[in-house]
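Note sheet for the following structure.
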Amino acid sequence: MNVLFIGGTGKISSACSQLAVERGIELYLLNRGQTSERPAPKEVHILEGDIRDKASAERALGDLTFDAVVDWIAFTPEHIDMDLELFRGRTNQYIFISSASAYQKPPTNLPITESTPLYNPFWDYSQAKIACEERLVQAYREEKFPITIVRPSHTYDKTMLPFTGRYTIVNRMRQGKKVIVHGDGTSLWVLTHHRDFAKGFVGLLGNNHAIGEAFHITSDELLSWNQIFEIVAKAAGTEAQLIHIPSDFIAKFDAEWGVNLLGDKSHSVVFDNTKIKRIVPDFNAVIPYVQGAREVMAWHDADPQRQVVDAAFDTLQDRIIAAYESGLSFD
């Protein structure tokens, strides 16, 4: 089987690239030849081109055809329209990487299944992903374009800390400073290691049962945000001094952070993975976040240059905490 990844060296896709070549897939990566902290496996074929420039992409693709094409970096309907132009008649399967943040917020029912409505009134990112899915479903219905939609939730690799501010939060923990947890910290969240995600994803490549279908691929481990902060703190060899602040209060100080919370992380999520397990029977997420957090902190601690502290965000934390503790109200 020959497969094209548009991208292929990102946080999620890098593990999928590695597993694909381990399973004997002839893998092509279309990208702009940029260096990455996640180098592509030596077995892959690199096609140097810009997917956002049709002429550049056509030169890179030549007359190649594929059993499956995966676009890891499509975010708008315009990106989808370009892909449709490029890959009609060139692939037997086109996989779009959507987002679980597209599911209804706040959710009316748990657990979330693939039939949960797509509705996120808070976050432009999620709304654009929904629009992409709608465009692809139209192409599937009208012209039988062979789509599969995948909705990752919060999927991480060793470079990725799970909260806004990333290493800045760990640095505050190690300094004994308070760190902000949205709400009361008891909302439930799911963190999926990218190696676990890859097992479900690679099983969809070239899988006829996946055509015309949507899947999420997540761990079954549920953690509260209090637990997530505490697990990271323990992996960092320290303790977390948590302060709980409402998401809408945080949003008054930082709109981007606020919409990320209100449109996603402030709501409990529980995913039903029955569908992906039925189509890919060997999928099973086995890496608990306690292990994943140790990998993440080992990576950061191995090189001081990775321990990036955002001074502006550090100051923002202090401002929000001071305002909240002073009794400031926006009513």
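Restricting attention to the range 19-62, and to residues there that are assigned to a strand (DSSP E or B) and among the charged types (D, E, K, R), which single residue is modelled with the highest pLDDT?
Checking each candidate, the answer is GLU26.
Being small (Gly, Ala, Ser), more than 30 Å from ARG278 (Cβ to Cβ) and under 22 Å from the mean Cα position of the chain (by Cα) is the requirement here; does GLY200 meet it? Full working, then the answer.
Values: small (Gly, Ala, Ser): yes; more than 30 Å from ARG278 (Cβ to Cβ): no; under 22 Å from the mean Cα position of the chain (by Cα): yes.
No.
How many of the residues making up the range 108-136 are aliphatic (A, V, I, L, M) and over 18 Å from TRP72 (Cα atoms)?
Residues of the range 108-136 that are aliphatic (A, V, I, L, M), as a first pass: 110, 112, 118, 128, 130-131, 136.
Then keep just the ones that are over 18 Å from TRP72 (Cα atoms); that gives 110, 112, 118.
Number satisfying all stated conditions: 3.
Test each condition in (1) touching a residue at least 60 places away in the same chain (Cβ under 8 Å); (2) closer than 21 Å to ALA214 by Cβ; (3) in a loop (DSSP other than H, G, I, E, B) for LEU84 and report the one that comes out false.
(3)
Scan the range 255-279 for residues that are within 28 Å of TRP299 (Cβ to Cβ) and surrounded by fewer than 17 Cβ atoms within 10 Å (Cβ to Cβ) and jot them down.
GLU256
What do you reckon, is ALA210 surrounded by 22 or more Cβ atoms within 10 Å (Cβ to Cβ) and touching a Leu at 6+ places or on another chain (Cβ under 7 Å)?
Numbers: surrounded by 22 or more Cβ atoms within 10 Å (Cβ to Cβ): yes; touching a Leu at 6+ places or on another chain (Cβ under 7 Å): yes.
Judged against the criteria, ALA210 is a match.
Go through the range 136-157 and report how many residues are buried (at least 18 other Cβ atoms within 10 Å of the Cβ) and charged (D, E, K, R).
2
In the range 186-207, which residues are touching a Ser or Thr at 6+ places or on another chain (Cβ under 6 Å), in a loop (DSSP other than H, G, I, E, B) and surrounded by fewer than 20 Cβ atoms within 10 Å (Cβ to Cβ)?
THR186, SER187
Regarding the range 117-131, can at least one residue be identified that is assigned to a loop (DSSP other than H, G, I, E, B), among the small types (Gly, Ala, Ser) and either assigned by TED's automatic domain parsing to the domain that holds GLU213 or surrounded by 14 or more Cβ atoms within 10 Å (Cβ to Cβ) (or both)?
If we filter the range 117-131 for residues that are assigned to a loop (DSSP other than H, G, I, E, B), which is where we start, we get 117, 119-123.
Right, trim to among the small types (Gly, Ala, Ser) and you get none.
Among the residues of the range 117-131, not one is assigned to a loop (DSSP other than H, G, I, E, B), among the small types (Gly, Ala, Ser) and either assigned by TED's automatic domain parsing to the domain that holds GLU213 or surrounded by 14 or more Cβ atoms within 10 Å (Cβ to Cβ) (or both), which makes the answer no.
What are the pairs, 6+ residues apart or on separate chains, where a residue within the range 218-246 that is closer than 15 Å to ALA293 by Cβ has its Cβ under 8 Å from a residue that is modelled with pLDDT under 95 and outside any loop (DSSP other than H, G, I, E, B)?
The qualifying pairs are TRP225/LYS265.
Just to be sure I understand the filter: pairs with C-beta atoms under 7 Å, separated by 6 or more residues or on different chains, first member in the range 280-308 and closer than 14 Å to PRO162 by Cα and in contact (Cβ under 8 Å) with a residue 24 or more places away in the chain, second member assigned to a helix (DSSP H, G or I) and of a type outside the set (A, V, I, L, M, F, W, C). Which pairs pass?
From residues that are closer than 14 Å to PRO162 by Cα and in contact (Cβ under 8 Å) with a residue 24 or more places away in the chain, the pairs are HIS300/TYR167; HIS300/ARG306.
Out of all the residues in the range 234-244, is one or more closer than 16 Å to MET160 by Cβ and modelled with pLDDT of 95 or more?
yes
The values are calculated or read from the model by the stated rules, or taken from the named source; none is laboratory data. Bear in mind that the values here come from a model prediction, so they are computed numbers and not experimental data. All Cβ positions, glycine included, derive from the backbone under ideal geometry; neighbour counts span all protein chains shown.
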